[in-house]
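What follows is a single structure, written as structure tokens, with notes after it.
Throughout, read-outs are computed from the coordinates displayed, never taken from laboratory work. Nothing here was measured: the structure is a model prediction, and the numbers come from that model. Backbone-built Cβ (ideal geometry, glycine too); neighbour counts: all protein chains shown.
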Amino acid sequence: MNGLVSERMEFWAKQTPDKPALKIPRLKSELNYSYEEISFGRLQEMIEQIQNHLQELGVHKAERVLVFVKPGRYLAALTFALFRIGAVPVFIDPGMGKKNLLTCIEKVNPTTLIAEPIVHLIKMITLLLGKKTFRSIKRSIKTEGLFPFFTPSLKDFIKTKPKPVVTHEKPEAHDLAAILFTSGGTGTPKGVQYDHSLFQTQTELLQKMFSLNSTEIDCPGFPLFSLFTMSMGMTSIIPDMNASKPSKANPQKLIQNIQDQKVSFVAGSPAIWEPVADYCLKHGLTLPTLKYVVMFGAPVSLAIHRKFSQVLPSGTTYTPYGATEALPISLVDGKTLLANYSDKMEQGLGTCLGKPVSGVSLKIIPISDEVTSCLEAVPPLTIGEIIVRGEMVTKAYDQNPQATKLAKIYDEQSFWHRMGDIGYLDHEGVLWFCGRLGHRVSHHGKLMSSIQCEAIFNQHPEVKRTALVGIGSAPNQTPAIIIELKAQATSDRETLKKELREMALKFEHTKDIEKFFFKESFPVDVRHNIKIDRLKLKAEVEQGRLL
């Protein structure tokens, strides 16, 4: 299917107008749901209604539109309406922290705000306080409700009588389509520019990777994923959870949604889906309709794959590798990992990411923290920096030429993106992930990677997870391991330190680790609630705040 992603919705509205595109759960009583249905035909009608009203209000091609709308009946219709106009929706994770959030809004310079009422209240307060954050906003639209007064709403838009749509200036494939912000896990969040062709490429790749068709039923833990699956003609069930707090999702509610709607495909952070597997195992449940559990945001432990192998009689887990700037890059499934790579992963050889997907060129180059033009690949099994090229790779950061210069390497054909990760390719061309570039430790000039070292200590029965940090400055850092214990851990800390030191001595890449610290709960990223903030932990160790 060619064309823009928004045209895919028109296709499905014509092909299957009565088929549900969206189902939204309404909790009637404890774990007893009814589901509001919005058909593809009705969704397309809503898209056109919203498009008409936005154009009448003056929203135009290339205009930046700041979107803070919860997953549900408005988000999909609004997004596709903006795509049809050629306006540029800006998606910023509200959980990235107040300072980062306000900075990102100010940098992107949007002229229209479409948001939940609470966001309009925040805008009003910041303006009263004399802040510059929302000063570029010339036009405001709410989702629904009374506040702010005299402000047009999406709810009113979709109540009006449908009428023919006249698109003033249609977008082209390489026009800017959206700006998505990175999570800022190892630095300040950056706006990433997406063009229309890139969304189409990603949709085609994801469909091919998982052999998806319109008969599958999706329940996305990561809201924007439903835009892809609906574009494939799939029904998307909005899960009963707060998408901004994935680790707080109630597994019973998610399981009920999956069972009620015979869901076959779920995607999102391991922080969402591991508790689902735990609950199923505890209560002797399986999920027979579920064929695909797709997890991303951070390396997925072998323990999670093993748990789901007992829960999914008709499916398995999948871990695609990618980033906001480049997705998807590679793919591996849980059955393959457990059968062929688990021993190597437990020995600290890294996390297996599988082979690059179709259309992706991938190289491992020498590690550098600076701008580089080097495209010479290191030999197999040599840890280096991961770089990628392909049509699914974004071209630039928004209004941030220095970050773009640092992240891209140009050659005569096109450009490569530096993933900010280190890893290696084995002799079979399989990609292995060893950690973030900024999380590596240099001990007397010797490279120590977070994922490889932590894999050893994570196998201790009382350890939930660990984090490698380097005390001091490279190249003479002192390696240390910070430990987050399981809730049921009973051993005293001195005993644990002794046992962990004995584990360290068994492996060449961990034998120099002698320092161990404890942290009750690790700081993690706001988007997936799974990426460990090792830089923050390093600061706490160096400040003497951990024992």
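Taking each pair of distinct Cα atoms in segment 341-439 once, what is the resulting Kirkwood hydrodynamic radius in Å?
Values: mean 1/r = 0.0707 Å⁻¹.
Hydrodynamic radius (Kirkwood, Cα only) of segment 341-439 equals 14.1 Å.
In what sequence do I50, I125 fall when counting other Cβ within 10 Å, fewest first?
Ranking I50, I125 by Cβ neighbours within 10 Å, fewest first, gives I125, I50.
With a 10 Å Cβ neighbour count serving as the proxy for reagent exposure, in which order, fewest first, do H444, H439, H196 appear? Could you put the intermediate results ahead of the total?
Details: H444 9, H439 26, H196 22.
So the ranking, lowest neighbour count to highest, is H444, H196, H439.
What lysines sit close enough to K506 to cross-link, taking a C-alpha to C-alpha distance under 19 Å and skipping anything fewer than 8 places away on the same chain?
Correct list for K506: K344, K446, K497, K498, K515.
Using the eigenvalues of the Cα gyration tensor, what equivalent ellipsoid semi-axes result for segment 75-123 when each is taken as the square root of five times the eigenvalue, whole Å, largest first? Don't skip to the end; give the middle numbers.
Values: eigenvalues 85, 32, 20 Å².
Taking √(5λ) for each Cα gyration eigenvalue gives 21, 13, 10 Å.
Starting from 0.36 nm per residue, how many nanometres of slack lie between S309 and K163 once their C-alpha separation is accounted for?
Numbers: separation 146, 0.36 × 146 = 52.56 nm, distance 5.06 nm.
Full-extension gain reported as 47.5 nm.
Given 4 °C and 1.567 mPa s, compute D for segment 440-542 with the Stokes-Einstein relation, Rh being the Kirkwood radius over Cα pairs; round to the nearest whole µm²/s.
Numbers: Rh = 13.8 Å.
So the translational diffusion coefficient is about 94 µm²/s.
Compute the separation of the alpha-carbon centres of segment 102-117 and segment 204-280 and state it in Å as a whole number.
Spelled out, the Cα-based centre of one part sits 28 Å from the other.
Quick one: if the Förster radius is 56 Å, what FRET efficiency do T151 and E508 give, using the C-beta to C-beta distance and rounding to 0.05? Show your work: numbers first, answer last.
Working: r = 64 Å, r/R0 = 1.13.
Approximately 0.30, to the nearest 0.05.
With +1 on the Cβ of every Lys and Arg and -1 on the Cβ of every Asp and Glu, and nothing else charged, how large is the dipole of segment 45-172 about its Cα centre, in debye rounded to the nearest 20? Display every interim value, and only then the final one.
On the way: 20 positive and 11 negative charges, 78 e Å.
That gives a dipole near 380 debye.
What distance in nm separates the two pseudo spin-label positions at D411 and T490, each 7 Å out from Cα along the beta-carbon direction?
Reported label-point gap for D411 and T490 is 5.8 nm.
What pairs in K28/K155; K99/K170; K307/K405; K98/K531; K131/K519; K142/K253 have C-alpha atoms more than 31 Å from each other? Numbers along the way, then the final one.
On the way: K28/K155 23 Å; K99/K170 36 Å; K307/K405 42 Å; K98/K531 19 Å; K131/K519 37 Å; K142/K253 29 Å.
Table pairs above 31 Å Cα-Cα are K99/K170; K307/K405; K131/K519.
Which distance in nm do the two modelled labels at L57 and E106 give, with both placed 7 Å along the Cα-to-Cβ direction?
2.5
Only four residue types carry charge here, +1 at the Cβ of Lys and Arg and -1 at the Cβ of Asp and Glu. Report the dipole size of segment 407-547 about the Cα centre in Debye, rounded to the nearest 20. Please report the intermediate quantities before stating the final value.
Values: 22 positive and 20 negative charges, 77 e Å.
Once rounded to the nearest 20, the dipole reads 380 debye.
With the Cα gyration tensor of the chain in hand, convert its eigenvalues to equivalent ellipsoid semi-axes via √(5λ) and list them largest first in whole Å. Please list the in-between numbers first.
Numbers: eigenvalues 313, 143, 113 Å².
Each semi-axis is the square root of five times an eigenvalue, giving 40, 27, 24 Å.
Bin by bin, in steps of 5 Å, what percent of the Cα pairs in segment 19-60 do you find, going until the bin that has the longest distance?
6, 21, 15, 15, 13, 13, 8, 5, 3
Let me have the 222 nm mean residue ellipticity of the chain computed from DSSP H runs of 4+ only, each contributing -39500 (n - 2.57), with the sum over all residues rounded to the nearest 500.
On the way: 16 runs with 161 residues, N = 547.
Calculated mean residue ellipticity at 222 nm is -8500 deg cm²/dmol.
Mind running the shape call on segment 1-125? Use the C-alpha gyration tensor, a ≥ b ≥ c as the square roots of the eigenvalues: rounded below 1.5 for a/c, prolate if a/b tops b/c, oblate otherwise.
Values: a/c = 2.25, a/b = 1.23, b/c = 1.83.
Oblate, because a/c is 1.5 or more while a/b does not exceed b/c.
So what's Rg/Rh here for segment 297-386, counting alpha carbon atoms and using the Kirkwood radius for Rh?
Numbers: Rg = 15.2 Å, Rh = 14.9 Å.
Ratio of gyration radius to Kirkwood radius: 1.02.
Quick one: if you take sqrt(5λ) for each eigenvalue of the C-alpha gyration tensor of segment 1-74, what semi-axes come out, biggest first, whole angstrom?
Working: eigenvalues 142, 69, 23 Å².
Ellipsoid half-lengths, sorted descending, are 27, 19, 11 Å.
Starting with the highest mean, order 142-152, 15-25, 527-537 by the number of other Cβ atoms within 10 Å, averaged over the residues of each peptide. Present the calculation step by step, with values, prior to reporting the outcome.
On the way: 142-152: 13.2, 15-25: 17.9, 527-537: 20.8.
Taking the mean over residues of other Cβ atoms within 10 Å, the ranking is 527-537, 15-25, 142-152.
Rg over Rh of segment 407-495, using C-alpha atoms and the Kirkwood radius, what does it come to? Before the final figure, lay out each step's value.
Values: Rg = 17.1 Å, Rh = 15.4 Å.
Dividing the radius of gyration by the Kirkwood radius yields 1.11.
On a full-extension model of 0.36 nm per residue, what is the gain between K355 and F11, subtracting their alpha-carbon distance, rounded to one decimal in nm?
On the way: separation 344, 0.36 × 344 = 123.84 nm, distance 3.27 nm.
Using 0.36 nm per residue and subtracting the Cα-Cα distance, I get 120.6 nm.
Report, ordered by chain and residue number, the aspartates and glutamates lying within cross-link reach of K190, taken as a straight Cα distance under 14 Å and ignoring same-chain residues fewer than 8 apart.
D93, E106, E325, D398
Please report T394, T188 as a ranked list, fewest other C-beta atoms within 10 angstrom at the top and most at the bottom. Can you show the working numbers first?
Working: T394 21, T188 15.
By the 10 Å Cβ count, ascending, the order reads T188, T394.
Per 0.36 nm of contour for each residue apart, how much would the distance between E376 and K132 grow if the chain were fully extended, relative to their Cα-Cα spacing?
Values: separation 244, 0.36 × 244 = 87.84 nm, distance 4.52 nm.
Here the answer is 83.3 nm.
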